[in-house]
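The values are calculated or read from the model by the stated rules, or taken from the named source; none is laboratory data. Computed from a predicted model, the values in this text were never measured in an experiment. Positions of Cβ are backbone-derived with ideal geometry, glycine not excepted, and every protein chain shown enters the neighbour counts.
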Amino acid sequence: MLLIGVITIATVLLFSCDTALSKTEQVNKDAANALYTLTERCTLYNCPNNWPPRSAGVTSCYIYFHQSKEWSDAEKSCRDNGGQLVKFDTLGEITTVKNFLQSYYGISSMPWMWTGLNDRSSEGRYQWTGFGGELSKGSSMWSGGQPDNHSPWWSFWDDEDCVEFNGRQLNDQDCDEGRPYVCEFIP
Ligand SMILES: [Ca+2]
Ligand SMILES: [Ca+2]
Ligand SMILES: [Ca+2]
């Protein structure tokens, strides 16, 4: 009788342990899945290696290079770093980038910097490199009187096909000029 009792208790214990173990396993599995999803999301929202972290509420990652380059070299540098020369989708994005340059890099007086906008393939038609899309000549992003495709008097063929910004507005400039530049990456 005693023996039967011991066996019964042992069976019950074993059974509940199994249940408990399988439950623990399930909880661990759920936790692991949740963690995996979170990691996946983190990766998705991450900026490329060595880029500054994305600011809260800002859709894109940005990086600034202070070493001046000609426009085409700046474009290549952005691509090599996993992004594109910056594209301003709205006037507000210019302010977003300016605030980022001030807060992250401590730049107080903004230099003229290259953007991805250019009319290299068709004069007067301004397109964003990499990201695509156009900006009209009438956009309020332009500085007063710009774009003017200005040519110096000594070389009328040396006109302005690349677009720079100064934290506030845009100006078309000679692509051969050296400028610091900002790259953008959309996670
Ligand atoms: Ca953008
Ligand atoms: Ca032009
Ligand atoms: Ca100009």
**Request:** Please name all residue pairs, on different chains or six or more residues apart, with Cβ atoms under 9 Å, provided the first residue is in the range 175-187 and is at negative phi and not assigned by TED's automatic domain parsing to the domain that holds Ala74 and the second residue is of a type in the set (Gly, Ala, Ser) and exposed (fewer than 15 other Cβ atoms within 10 Å of the Cβ).
**Result:** none
**Message:** Can you confirm whether Lys137 is within 16 Å of ligand 3 (Cβ to nearest atom), at pLDDT 95 or above and either surrounded by 20 or more Cβ atoms within 10 Å (Cβ to Cβ) or more than 13 Å from Phe165 (Cβ to Cβ) (or both)?
**Reply:** yes
**Some residue of the range 82-105 being away from ligand 1 (no atom under 15 Å from the Cβ), over 19 Å from Ser60 (Cβ atoms) and not aromatic (Phe, Trp, Tyr)** = no
**Conditions (1) closer than 14 Å to Ile63 by Cβ; (2) within 16 Å of ligand 2 (Cβ to nearest atom); (3) touching a Gly at 6+ places or on another chain (Cβ under 9 Å); number of the one not met by Lys137** = (1)
**Selection within the range 112-131 - surrounded by 13 or more Cβ atoms within 10 Å (Cβ to Cβ), over 16 Å from the mean Cα position of the chain (by Cα) and more than 16 Å from ligand 3 (Cβ to nearest atom)** = Gln127
